[in-house]
1. Would you please list the contacts, defined by Cβ atoms under 8 Å and residues six or more apart or on different chains, that run from a residue in region 103-127 that is within 18 Å of R36 (Cα to Cα) to a residue that is acidic (D, E)?
2. Which of the numbered conditions does K96 fail, given that it passes all the others? Conditions: (1) open to solvent by 60 Å² or more (accessible area, probe 1.4 Å); (2) in contact (Cβ under 8 Å) with a residue 24 or more places away in the chain.
3. Could you list, in sequence order, all residues of region 91-108 that are among the hydrophobic types (A, V, I, L, M, F, W, C) and under 12 Å from the mean Cα position of the chain (by Cα)?
4. Looking for whichever is closer than 30 Å to E31 by Cα and among the aromatic types (F, W, Y) here; the options are Y124, Y182. Which one fits?
5. Could you please let me know if L102 is within 24 Å of W179 (Cα to Cα), open to solvent by 70 Å² or more (accessible area, probe 1.4 Å) and assigned to a helix (DSSP H, G or I)?
6. Mind listing whichever residues of region 136-187 are more than 19 Å from D79 (Cα to Cα), among the polar types (S, T, N, Q) and in a helix (DSSP H, G or I)?
7. Yes or no: region 65-79 includes at least one residue that is part of a loop (DSSP other than H, G, I, E, B), closer than 28 Å to N188 by Cβ, without any contact (Cβ under 8 Å) to a residue 24 or more places away in the chain and of a type in the set (D, E, K, R).
8. Counting just the residues of region 15-62 that are in contact (Cβ under 8 Å) with a residue 40 or more places away in the chain, of a type outside the set (S, T, Y) and not in a helix (DSSP H, G or I), which one comes out least open to solvent (accessible area, probe 1.4 Å)?
Amino acid sequence: MSETDKKQMGRPRSVQSHQAILQATLEMLAEVGYDRMSIDAIASRAGVGKTTIYRRYKSKEELVADAIESLREEIVIPDTGTFWGDIDVLIENAAKITLNPLGKQTVAMIISSASSNSQFAQVYWTKYLQPRREAFTIVIERAKARNEVQANLAPGLVFDMMSGIMLYALIFPPTTETWEAYIRRALNLFLRDVAV
């Protein structure tokens, strides 16, 4: 029997079971929280064996990070032709993802889990935040090329500031303006001195 035949006889990885695992993980997160959920319970709810999960994921942290990632949209790198046009698109996308009950619950779980579990924080940083931080660099570099911001503006710092403002406003929503208007005004204040 050839290696190809052996592979074909083996149990194929099922997209359906993978989706069931991610869904079960999200449900468990919402019901019992990160610390109290277990791979056993996730496997049982998803209708798969633990080995199916461990074939895909090395740890609970990695599984949870992937489940959270499955809720998120693809990385968007806007190109409206202007720096503030790009920023407005990013703010609108963030609002769509987070300004709903599931989005707020997910953000709360991420903050809670990341602050109490360094392994989860590292996995989430690597799988979710870092790729978006790198993509945001493109927005800043385009703005530099158009002479809209100073050449020494640090993209990572702008991303971190924007993320911090967004999280703060999510937990303590503004009362006199929309979330989006507040984010833009705060960023404008922060970036006022770096415009060319």
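1. So the pair list comes out as S113/D35; S116/D35; N117/D35; N117/E61; Q119/E61; F120/E61.
2. (2)
3. Taking region 91-108 and keeping what is among the hydrophobic types (A, V, I, L, M, F, W, C), we get 91, 94-95, 97, 99, 102, 107-108.
The answer is A94, I97, V107.
4. Details: Y182 fails: closer than 30 Å to E31 by Cα.
Step by step, each of Y124, Y182 is checked, and only Y124 is closer than 30 Å to E31 by Cα and among the aromatic types (F, W, Y).
5. On the way: within 24 Å of W179 (Cα to Cα): yes; open to solvent by 70 Å² or more (accessible area, probe 1.4 Å): yes; assigned to a helix (DSSP H, G or I): yes.
Against the criterion (within 24 Å of W179 (Cα to Cα), open to solvent by 70 Å² or more (accessible area, probe 1.4 Å) and assigned to a helix (DSSP H, G or I)), L102 qualifies.
6. S163 - this is the single residue of region 136-187 that is more than 19 Å from D79 (Cα to Cα), among the polar types (S, T, N, Q) and in a helix (DSSP H, G or I).
7. yes
8. If we take residues in region 15-62 being in contact (Cβ under 8 Å) with a residue 40 or more places away in the chain, of a type outside the set (S, T, Y) and not in a helix (DSSP H, G or I), then G33 is least open to solvent (accessible area, probe 1.4 Å).
The values are calculated or read from the model by the stated rules, or taken from the named source; none is laboratory data. Note that the structure is predicted; figures quoted are calculated from it, not measured. Glycine also receives a Cβ, built like all others from the backbone with ideal geometry; neighbour counts cover every protein chain displayed. For the accessible areas, the whole protein counts, side chains as well, though only heavy atoms, and no ligand, DNA or RNA atoms are used. Shrake-Rupley method; radii C 1.70, N 1.55, O 1.52, S 1.80 Å.
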